[in-house]
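The next block holds one structure in the form of structure tokens; read it before the comments.
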Amino acid sequence: MMRVVSMDVATISALAAAAAAVGAFSVAGVQLYVGHRQSEAALKAANAALMNAQSAGRHTVAEFRQSWIDKVIDGLSDYQAILMSIGDGHSLSPDDHRKLTALWTRLELLLNPDEADAVSLLRLADAARLSETAAERDVNARDMVQLARNLVKAEWLTIQIELQ
């Protein structure tokens with residue numbers, strides 16, 4: 001036989017309120033856990049985005065450096081091509097003189113005047129231009145190319161280091 005327990009309204013209300021409080025506490029606990037997990041996921045996503053942005057920045061700088069290297073190489077190649085076309089006792093045509101002057105200006109603008117190798121490279125390029133004989137021009141031009149190789153290699157190594 002079953003025994004019926006009789007409760008007054010205040011007790012039933014108190015039990016209902018306690019059950020609601022336990023339910024609300026449980027829901028709050030679940031929400032806290034979910035919120036914590038979401039914040040961890042958001043932090044991981046933010047860190048990944050930061051790493052991607054840093055990597056993209058490094059690659060952009062590397063692209064600019066490579067573009068600079070290409071411009072210096074092109075300028076020096078054209079500069080030397082004009083110089084090597086001058087024979088003993090011959091002078092430049094007005095068009096070649098203008099091109100050589102434009103290339104010199106381009107190189108001066110591209111190369112950093114605060115770096116010793118850049119200053120030396122410009123000095124050798126000018127010495128090659130001002131050489132009185134083809135033999136003297138060949139020596140200066142050869143030295144200019146060798147120094148340019150070293151400068152370009154150093155810049156290339158800088159790119160490699162930045163991309164690591």
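For the stretch 9-164, what is the accessible area per residue in Å², given a 1.4 Å probe and the full set of protein chains? Mind showing how you got there, number by number?
Numbers: 10530 Å² over 156 residues.
Per residue, the stretch 9-164 has 68 Å² of solvent-accessible surface.
Normalised radius of gyration for the stretch 16-164, please: alpha carbon Rg relative to 2.2 N^0.38 Å, two decimal places.
2.08
Could you work out the local net charge near ASP70, counting Lys and Arg as +1, Asp and Glu as -1, over the other residues with Cβ closer than 12 Å to its Cβ? Can you show the working numbers first?
On the way: positive: ARG65, LYS71; negative: GLU63, ASP74, GLU155.
Here the count lands on -1.
For the charge dipole of the chain, defined by +1 on Lys and Arg C-beta atoms and -1 on Asp and Glu C-beta atoms about the Cα centroid, which residue among ALA56, TRP68, LEU130 has the Cα displaced farthest towards the positive pole?
Looking along the dipole axis, the top candidate is ALA56.
Give the carbon-plus-sulfur fraction of the accessible surface of the stretch 37-164 in %, rounded to a whole number; probe 1.4 Å, heavy atoms of protein chains only.
Accessible surface attributable to carbon and sulfur in the stretch 37-164 totals 56 percent.
In straight Cα distance, which lysines are under 20 Å from LYS153, not counting same-chain residues fewer than 8 positions off?
LYS71
Return a whole-number percent for the relative contact order of the stretch 6-164, with Cα pairs under 8 Å and 6 or more residues apart as the contact set.
Values: 76 pairs, mean separation 38.0, N = 159.
Result for the stretch 6-164 is 24 percent.
The values are calculated or read from the model by the stated rules, or taken from the named source; none is laboratory data. This structure is a prediction, so every number in the text was calculated from the model and none was measured. No Cβ is skipped: glycine too gets one built from the backbone with ideal geometry, and neighbour counts run over all protein chains shown. To get the accessible areas, we keep the full protein, side chains included, count just its heavy atoms, and leave off ligands, DNA and RNA. Shrake-Rupley method; radii C 1.70, N 1.55, O 1.52, S 1.80 Å.
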